[in-house]
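Novice: Sharing a structure, written as structure tokens. Questions coming.
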Amino acid sequence: MDRFEARGKLWDAMDKEGLVIKVEDHVIRVPRSQRGGEIVEPLVSTQWFVKMKSLAEKAIGKMRGGDIVIEPQRFEKVYFNWLEYIRDSCVSPQLWWGHRSPVWYVEEHSREYIVARSDEEAAQIASEKYNGEAVTLKQETDVLDTWFSSGLWPFSTMGWPNEDAEDVKTFFPGSIMETGYDILFFWVARMIILSLWFTGEVPFHIVFLHGLIHDKHGRKMSKTVGNVIDLIDVVSSYGTDALCYTLLAGSTPGQGITLSNERIESNCNFANKLWNASRFIIGNLDKISDEERQELATVAISDFGQTDEV
């Protein structure tokens, strides 16, 4: 029975028994699903959790010991704050896609379960545990949390658990991980935690964090919000040079960048000025002597060197 239909019947039953005191209207905020628009309500259910404290301590130790550095360094404080006050993590969302939880329930023995790598291994463990008793095993339908699954990425994509795989020996651990600062804890920290647990090594030695792209109002660009800019249209209107310059000029490690058509148009005008100035110089090079050309080249190289030093 649908929850709303059940509530209506429950209310009718209470009213029939004379249990209803009064009816009042209340204005409340009703949370809804981001995608489907359905009303979202708490539901008490059984979930799987991972104890995180001991795992986090290893990840903290590697960062403090210098095995891993974060650029910009100010984000190390964020990393430590997350891990030092970490709570046990729920790892069993009810999704259609993902790594299925490696748990098998024993239907003949309520609340008992077996953890195994495969159906065959689960059956073997059950046979030994219940002395050959014929039991029915049903695998958990929940999947691993997205971030715990993706946290396996540094080594699971290299042929692990075969530690002798050529890719594992060649590419793990890596040198640098470049990603957005907003998933420092959700992804980066979990990659470090899981790599230390399963392999005993850190997955990389440098974490380089870039910023996020925001709209002109300072909001993170999102397809759901609908405030994204179609880069194909941008290139068609202003050209690739203006777009690239806008992204580069506003890019600072770990710092967000505000992107708008107005800003790109302004840089497009600047690029046109550079183009026109360059075209003027190139078009008049044949009117000056070789000595003057050499002098111009010397000045240009000198100015470029000073700019580079700054």
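Novice: Hey, which lysines would be in cross-link range of Lys58, C-alpha to C-alpha under 18 Å, not counting anything within fewer than 8 residues on its own chain?
Specialist: Straight-line reach from Lys58, under 18 Å: Lys77.
Novice: Calculate the FRET efficiency for Lys273 and Val299 from the Cβ-Cβ distance with a Förster distance of 22 Å, rounded to the nearest 0.05.
Specialist: 0.65
Novice: Which residue, Val44, Val103, Val234, tops the fluctuation ranking in a GNM of the chain built on C-alpha contacts under 10 Å?
Specialist: Val44
Novice: Label point 7 Å out from Thr146 along Cα-to-Cβ: which residues of the range 224-240 have amide N under 14 Å?
Specialist: Counting backbone N atoms under 14 Å from the label point, the list is 224-225.
Novice: Which of the lysines could a cross-linker bridge to Lys138, judged by Cα under 28 Å and excluding same-chain residues fewer than eight apart?
Specialist: Answer for Lys138, where 28 Å is the Cα cut-off: Lys51, Lys129, listed by chain and number.
Novice: Assuming R0 = 35 Å, what is the FRET efficiency of Lys77 and Asn261, from their Cβ-Cβ distance, to the nearest 0.05?
Specialist: 0.45
Novice: Residues of the range 70-107 with backbone nitrogen within less than 16 Å of a virtual label 7 Å along the Cα-to-Cβ line of Thr136, please, listed as ranges.
Specialist: Answer for the range 70-107: 104-107.
Novice: Let me ask something else about it. How would Met221, Met158 line up from fewest to most surrounding beta-carbon atoms within 10 angstrom?
Specialist: Exposure proxy ranking, most exposed first: Met221, Met158.
Novice: Okay, helix-only estimate at 222 nm for the chain: each DSSP H run of n ≥ 4 adds -39500 (n - 2.57), divide by all residues, round to 500 deg cm²/dmol; what do you get?
Specialist: Calculated from helices alone, the mean residue ellipticity at 222 nm is -13000 deg cm²/dmol.
Novice: Only one of the values (i) 24.9, 75; (ii) 23.6, 72; (iii) 29.8, 107 was calculated from this structure for Rg and Dmax of the Cα atoms in Å; name its label.
Specialist: Checking each listed value against the structure points to (iii).
Novice: Determine, from the Cβ-Cβ distance of Met14 and Glu38 and an R0 of 25 Å, the FRET efficiency 1/(1 + (r/R0)^6), rounded to the nearest 0.05.
Specialist: Efficiency at R0 = 25 Å is approximately 0.45.
Novice: Shape of the range 188-310 from its Cα gyration tensor (a ≥ b ≥ c, root eigenvalues): rounded if a/c is under 1.5, otherwise prolate when a/b > b/c, or oblate?
Specialist: Because a/c hits 1.5 or more and a/b fails to exceed b/c, the range 188-310 counts as oblate.
Novice: Could you tell me how many degrees, from 0 to 90 and to the nearest 10, lie between the Cα long axis of helix 261-283 and the main elongation axis, the longest principal axis, of the Cα atoms of the chain?
Specialist: Once rounded, one gets 30 degrees.
Novice: Please determine, in degrees from 0 to 90 and to the nearest 10, the orientation of helix 190-199 with respect to the longest principal axis defined by the Cα atoms of the chain, where the helix direction is its Cα long axis.
Specialist: Once rounded, one gets 70 degrees.
Novice: Let me ask something else. Stretched out fully, how many nm does the piece from Val50 to Tyr105 gain, at 0.36 nm a residue minus the Cα gap?
Specialist: 18.0 nm
Novice: Here is a follow-up. Reachable lysines from Lys9, Cα under 23 Å, same-chain residues fewer than 8 places away excluded?
Specialist: Once the sequence-local lysines are set aside, what remains near Lys9 is Lys22.
Novice: What's the angle, to the nearest 10 degrees (0 to 90), between helix 3-16's Cα axis and the longest principal axis of the chain?
Specialist: Taking the Cα atoms of the chain, the angle to 3-16 is about 50 degrees.
Novice: Using per-residue counts of other Cβ atoms within 10 Å, averaged over each peptide, order 94-101, 57-64, 279-286 from highest down.
Specialist: Going by the mean number of other Cβ atoms within 10 Å, highest first, we get 57-64, 94-101, 279-286.
Each value in this text was obtained by applying a stated rule to the coordinates, not by laboratory testing. Since we're looking at a predicted model, the values are computed, not measured. Every residue, glycine among them, receives a Cβ derived from its backbone with ideal geometry; neighbour counts consider all protein chains shown.
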